[in-house]
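These notes are about the structure you will find just below.
The values are calculated or read from the model by the stated rules, or taken from the named source; none is laboratory data. Note that the structure is a prediction, hence the values are computed from the model and not measured. Glycine gets a Cβ as well: all are built from the backbone with ideal geometry, and neighbour counts include every protein chain shown.
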Amino acid sequence: MIGKYILSGRLQAISAITFSTLISLLLLPEFIYLINPFSYLICGSVVSLVTLRKGVFYTLQMLVLSWLILLILNKYIERSIQEVLIIWLPILLLSAILRFSQRQGTLVSLAGLGTIIFYITIGDLSEWWQEGLSIAFEQALPPEQLEMYEPIFNSMTKLMNTLAVFYMLIAILFARWWQSRLFNPGGFRKEFYALRIPKAVLPIFILTVVLVFTVDGSKQIMFMNILVVFVFMYLIQGLSFAHRSVDKLKLSVSWLIILYCLLMFVPQMGLIIACLGIVDTLTEWHNKKRGSEKES
């Protein structure tokens, strides 16, 4: 119902993008909404849905008009809206990739590759995240609690670039599911089950692991950041593998619920699921190799 309303016309799309962005802005203290996955899910999924269904240029026009409305409303809400572009524009680009490729594996791979290129060419933005988050946490927390949360805060700033991309991917995949429910029932499941990270990525991943343990200084930090990107990529493939296996073995959905609960409350579970993604890649590689040998 809501999805069909958003896609029913330009005015509806503009109002949905503007309203969802305002909710994201007002959901949490200033700047903290940029580290909250629900902010990406609320406004990012709307932008992605419009892009997936209507196209890039149509959505770009809606974003420009929504931006003008937000500039006018900015006088009354007294919130900075510049950071909204950090959510809008990458989601627009990544949604366009999924729209044209029709492959979720391509979406995840290019998002990861773009993040890695960003790290190599521009560098880490930890200082920018730290400056913004320090102001936000000072506004949101009493002074006596700031020192308590400082270790979490420092570790979070180093991962924020990768986390932001991960949140965007989740928002886009949700929008894809939303689109499937509206226009192509069962299409998302088929596409998600077919999600594969290209096999060529695996040797680069192994090389990155080696470099993390062999280089020193700033380069080691850079390769560690790149390694985290690879882990997130294989984490998504691992989730695809888990869903596919539960469906193939006719297991209860409770297994998936337990999996996601563990992922939320036990961070180490992310590494285990990423390993499942790597095993899935190796299995497919091995099966294709055996298939080609049988044909010959």
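Remarks
- Picking from residues in the stretch 70-123 that are assigned to a helix (DSSP H, G or I) and polar (S, T, N, Q), the one that is modelled with the highest pLDDT is S95.
- Among the helices (runs of 4 or more DSSP H) confined to the stretch 162-252, the ones with at least 2 residues that are within 22 Å of the chain's Cα centre (by Cα), over 19 Å from I278 (Cβ atoms) and at pLDDT 90 or above are located at 187-193.
- Filter pass, S45 being in contact with a Phe, Trp or Tyr (Cβ under 6 Å, 6 or more places away or on another chain), at pLDDT below 90 and polar (S, T, N, Q): no
- Selection count, the stretch 75-96, where residues are aliphatic (A, V, I, L, M) and crowded, with 18+ Cβ neighbours inside 10 Å: 6
- Restricted to the stretch 267-296, and to residues there that are polar (S, T, N, Q) and surrounded by fewer than 19 Cβ atoms within 10 Å (Cβ to Cβ), the residue that is modelled with the highest pLDDT is Q268.
- Residue under evaluation A140, criteria (1) at pLDDT below 65; (2) at positive phi, criterion not met: (2)
- Complete set of residues in the stretch 240-254 that are touching a residue at least 12 places away in the same chain (Cβ under 8 Å) and surrounded by fewer than 22 Cβ atoms within 10 Å (Cβ to Cβ): A242, H243, R244, D247
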